[in-house]
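Participant: The structure follows.
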Amino acid sequence: MNSEIEYKSVEVVWEDSITDESGNEVVPIILKKSFTTLEEAKKFIDEKLTKIKYTIVLVV
């Protein structure tokens with residue numbers, strides 16, 4: 001069975017942090033980037049988030 005999922009957009013969400021001048025983590029932050037296709041999101045993940053945990057959200 002092969003079924004397609006219809007979605008309006010794709011969001012990639014990941015955690016980063018703001019650091020002080022010494023490099024110490026000061027504030028954790030959540031970042032989100034939206035894409036129109038899953039392929040665009042995958043390309044971004046492969047290029048930018050290679051060592052970071054992330055979540056993919058399909059907006060329906």
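Participant: In percent, what relative contact order does the chain have, based on Cα pairs under 8 Å that are 6 or more apart in sequence?
Facilitator: With pairs under 8 Å counted, the relative contact order is 47 percent.
Participant: Simple spin-label model, 7 Å along Cα-to-Cβ: Glu21 to Val57 in nm?
Facilitator: So the label points at Glu21 and Val57 sit 3.6 nm apart.
Participant: Within the chain, list the trypsin sites (Lys or Arg not before Pro) lying in a DSSP loop whose Cβ has at most 10 other Cβ atoms in a 10 Å radius.
Facilitator: In loop regions of the chain (DSSP not H, G, I, E or B), the sparsely surrounded trypsin sites (Lys or Arg not before Pro) are Lys8, Lys51, Lys53.
Participant: Sticking with this one: Calculate how steeply helix 38-48 sits against the longest principal axis of the alpha-carbon atoms of the chain, using the helix alpha-carbon long axis, and give the answer as 0 to 90 degrees to the nearest 10.
Facilitator: 20
Participant: Relative to 2.2 N^0.38 Å, what does the C-alpha radius of gyration of the chain come to as a ratio? Two decimals please.
Facilitator: Output field value: 1.41.
Participant: Go ahead and estimate [θ] at 222 nm for the chain from helices alone: -39,500 (n - 2.57) per DSSP H run with n ≥ 4, summed, over the residue count, rounded to 500.
Facilitator: -5500 deg cm²/dmol
Only the coordinates and a few stated rules stand behind these numbers; no lab work does. For clarity, every value in this text was computed on a predicted model and none was experimentally measured. Because the Cβ atoms are built from the backbone with ideal geometry, glycine has one as well, and the counts that use them run over all protein chains shown.
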